[in-house]
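Read the figures in this text as sums done on the coordinates, not as results from a lab. Since the model is a prediction, treat every value here as computed from it, not as a measurement. Cβ atoms come from the backbone with ideal geometry, glycine included; neighbour counts cover every protein chain shown.
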Amino acid sequence: MKTVFEMIIDGDIPSVKLYEDDVCLVILDINPIQKGHALVISKKPYPRFTESPCQELSHMMEVAKKVDLKMREALKAEGTNIMINNDPASGQEVPHLHIHVIPRYKDDGKGFILNKDKYSEGEINQFGEKLCLK
Ligand code: AMP
């Protein structure tokens, strides 16, 4: 079954397109965290970040940078959140690679979207050992 983003890419359902090339499409999110919230969507339906080739991710990041700069110029954004949700546990609803680019303002009252955790004494070093890539 097609994802909603495949349907958009195939023209089955409408979207507000900001940019398109061979690798990706940029549209406005219909349910924005802030008006102007954009999605950089891969043309190929990789279900997750983890399965996506670095070459395509790298290109999509270049495009996300351009979207960021445009938001600063056209919407007077003072910052952005650049975000990829990866798997339902992270909040990913559409299993098709996409990068969120969300315009932000100093006083927009949205804060950071995730609650912070706290390490107990010495615990940060245990996590350092578990996650070390060497
Ligand atoms: P995620 O939760 O990271 O998978 O993000 C999926 C995003 O797609 C959500 O922010 C939705 O609001 C957005 N979305 C879902 N359907 C559409 C649509 N038809 N057009 C534009 N954005 C959509």
Margin query: If a residue must be farther than 22 Å from Leu69 by Cβ, surrounded by 10 or more Cβ atoms within 10 Å (Cβ to Cβ) and among the hydroxyl-bearing types (Ser, Thr, Tyr), how many such residues does segment 103-121 contain?
Written below: 1
Note to self: Take residues that are free of Cβ contacts under 8 Å to residues at least 24 places away in the same chain and tell me which of the strands (runs of 3 or more DSSP E) falling wholly in segment 1-75 contain 1 or more.
What the structure shows: 17-20, 24-28
Next item on the list: Would you point out the residue of segment 76-89, among those that are of a type outside the set (D, E, K, R) and more than 8 Å from the ligand (Cβ to nearest atom), that is farthest from Cys54 (Cα to Cα)?
Entry: Ala77
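Looking at Val94, Val67, which one is more than 10 Å from the ligand (Cβ to nearest atom), over 11 Å from Gln34 (Cβ atoms) and either in contact with a Pro (Cβ under 8 Å, 6 or more places away or on another chain) or among the hydrophobic types (A, V, I, L, M, F, W, C) (or both)?
Numbers: Val94 fails: more than 10 Å from the ligand (Cβ to nearest atom).
One residue alone meets the criteria, Val67.
Quick check, is Lys116 among the basic types (Lys, Arg) and assigned to a loop (DSSP other than H, G, I, E, B)?
yes
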Notebook entry, point to check: Is it the case that some residue within segment 82-96 is within 21 Å of Tyr19 (Cα to Cα) and in a strand (DSSP E or B)?
Noted result: yes
